[in-house]
Amino acid sequence: MVSKIFLIGMMGAGKTSVGKKVSKMINYEHIDIDTRINSEDIIKNNSIEEFRKLEKKEILKIKSLKKNIVISTGGGIILKSENRKIIKKYYSIYLEASIENLISRISKDNSYRPLIQSSRNSKVDKDIFKKLFINRKLKYNSVADIVFNTDNKNIDYISKKIKEHLIKNEIIN
């Protein structure tokens, strides 16, 4: 049985929503790394480099916990090789979606995404988003134990499929 299940993928893929739902369904604790380190404030008031350092510290803390946990990661967690190595020791699910769907979801979301928005409620910079997507896609695939496409699927459906997969493949009891 795997004690830690990481959800990876681009912003807007559904990592937080699916993570919360799946963790309840399988009776695991849920941790959202971006929430724990207040990503929006750190990036806005410091730098992306400072955020990446805190993200690395947080993943090391989570690694040391002796609990069953579903971890919703930030989209860029896979950029550091140290983080990829930790994630690979456990089980990781890549929540994949098309650029168009991701941008559409982000545009409807109230969250401020400092890497792709100039200010709260501003439009998503699609060119920057596409560059991030292209830069990260191979890394997500290299780390993922399985890929679930979330295009045109709701949270309940995705969560149910993930739970079925985890049980069927004896990742969890």
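The values are calculated or read from the model by the stated rules, or taken from the named source; none is laboratory data. Since this is a predicted model, take the numbers as computed values, not measurements. All Cβ positions, even for glycine, are placed from backbone atoms using ideal geometry, and neighbour counts span all protein chains on display. Ligands, DNA and RNA are stripped out before the accessible areas are found, and what is left, the full protein with its side chains, is counted by its heavy atoms. Shrake-Rupley method; radii C 1.70, N 1.55, O 1.52, S 1.80 Å.
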Of the residues in region 1-39, those that are of a type in the set (S, T, N, Q), more than 21 Å from Ile86 (Cα to Cα) and within 17 Å of the chain's Cα centre (by Cα) come to Ser17, Asn38
Subset of region 60-101 [outside any helix (DSSP H, G or I), open to solvent by 10 Å² or more (accessible area, probe 1.4 Å) and out of contact with any Gly (no Cβ under 9 Å at 6 or more places or on another chain)]:
Leu65, Lys66, Lys67, Asn68, Lys80, Lys89, Tyr90, Tyr91, Ser98
Residues in region 121-130: is at least one on the phi > 0 side of the Ramachandran plot and either in a loop (DSSP other than H, G, I, E, B) or under 16 Å from the mean Cα position of the chain (by Cα) (or both)?
yes
Can you name every residue in region 140-156 that is more than 15 Å from Gly12 (Cα to Cα), open to solvent by less than 60 Å² (accessible area, probe 1.4 Å) and over 13 Å from the mean Cα position of the chain (by Cα)?
Ile146
Of all residues in region 40-59, which are more than 20 Å from Ser81 (Cα to Cα), assigned to a helix (DSSP H, G or I) and of a type outside the set (Lys, Arg)?
Glu40, Asp41, Ile42, Ile43, Asn45
If you take the residues of region 4-33 that are aliphatic (A, V, I, L, M) and under 12 Å from Ala97 (Cβ atoms), which of them is surrounded by the most Cβ atoms within 10 Å (Cβ to Cβ)?
Ala13
Only one residue in Ser111, Ser119, Ser104 is hydroxyl-bearing (Ser, Thr, Tyr), under 16 Å from Lys15 (Cβ atoms) and open to solvent by 30 Å² or more (accessible area, probe 1.4 Å), so which one is that?
Ser111
Could you tell me how many of the residues in region 38-53 are surrounded by 18 or more Cβ atoms within 10 Å (Cβ to Cβ) and more than 16 Å from Met11 (Cα to Cα)?
1
Can you run down the residue pairs with Cβ atoms below 6 Å, 6 or more apart or on separate chains, where the first is in region 151-168 and touching a residue at least 24 places away in the same chain (Cβ under 8 Å) and the partner is of a type outside the set (A, V, I, L, M, F, W, C)?
Asp151/Ser98; Asp151/Asn101; Ile155/Ser17; Ile155/Lys21; Ile158/Thr150; Ser159/Lys21
State yes or no: is Lys161 modelled with pLDDT of 95 or more, touching a helix residue (DSSP H, G or I) at 6+ places or on another chain (Cβ under 9 Å) and open to solvent by 30 Å² or more (accessible area, probe 1.4 Å)?
no
